[in-house]
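Below is one structure, written out as structure tokens; comments come after it.
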Amino acid sequence: MEYDTNQNSKENYAKNELDGYVKDWKIFIDTCSLLHFAADKFWMNIIILLQQYQNRIIIPLRIIEELQKHEANTGKPELAENAKKCLKVLKQLINAGFVEIRGEQGDNFADNVFQVVFTKFRMTHKLLLITQDNDLAKDIIALNT
């Protein structure tokens, strides 16, 4: 019983934090988080907040290209299937206005795009990057020091 209470407490805390981020921040998401096994749960929790605050998740064009590359990966059928499913979900989210794709053909690889964008806009906007990539997270955090 103690575990259930603690788990509920953690989930309530996470939902409150997410609410604050969606309300006031520009939110970006990385490939690894889009492909994460809990991505569906993330979208279920955030969509109502995106709707409420008229916000969108920003995904660089390079991330979409990475997903398309993974989708075509015949050597890793599980990754290919996951990427295909992810692209299908993203198409629905884009059409519903919850996701915005930004970028240009000349953009460098995805991690570099995040670093450039966060360097350029960190002083004028509250920026949040959702990623499972510890090295990328450290690089983005280091921009603030």
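The values are calculated or read from the model by the stated rules, or taken from the named source; none is laboratory data. Computed from a prediction, not measured in an experiment: that's the story for all the values here. All Cβ positions, glycine included, derive from the backbone under ideal geometry; neighbour counts span all protein chains shown. Side chains included, ligands, DNA and RNA excluded: accessible areas come from the protein's heavy atoms. Shrake-Rupley method; radii C 1.70, N 1.55, O 1.52, S 1.80 Å.
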Taking the residues in the range 105-145 that are in contact (Cβ under 8 Å) with a residue 60 or more places away in the chain and open to solvent by 90 Å² or more (accessible area, probe 1.4 Å) as candidates, determine which candidate is farthest from residue 31 (Cα to Cα). 126
Please determine, by comparing only the residues of the range 35-84 that are among the aromatic types (Phe, Trp, Tyr) and open to solvent by less than 50 Å² (accessible area, probe 1.4 Å), which one is farthest from residue 132 (Cα to Cα). 43
Please go through the range 37-59 and pick out each residue that is more than 10 Å from the chain's Cα centre (by Cα) and not in a helix (DSSP H, G or I). 37, 38, 54, 55, 56
Of all residues in the range 1-23 being within 16 Å of the chain's Cα centre (by Cα) and acidic (Asp, Glu), which is least open to solvent (accessible area, probe 1.4 Å)? 19
Counted residues, the range 85-98 - those being outside any helix (DSSP H, G or I) and either surrounded by fewer than 15 Cβ atoms within 10 Å (Cβ to Cβ) or at pLDDT below 95 (or both): 2
Test residue 81 against the criterion of being charged (D, E, K, R) and not in a helix (DSSP H, G or I), and give yes or no. no
I'm trying to understand the selection: among the residues of the range 38-61, which are modelled with pLDDT under 95 and among the basic types (Lys, Arg)? 41
Given the condition assigned to a helix (DSSP H, G or I), modelled with pLDDT of 95 or more and among the polar types (S, T, N, Q), answer yes or no: does some residue in the range 62-78 qualify? yes
Pick from the range 24-34, criterion under 30 Å from residue 71 (Cα atoms) and not in a helix (DSSP H, G or I), ranking: most open to solvent (accessible area, probe 1.4 Å): 26
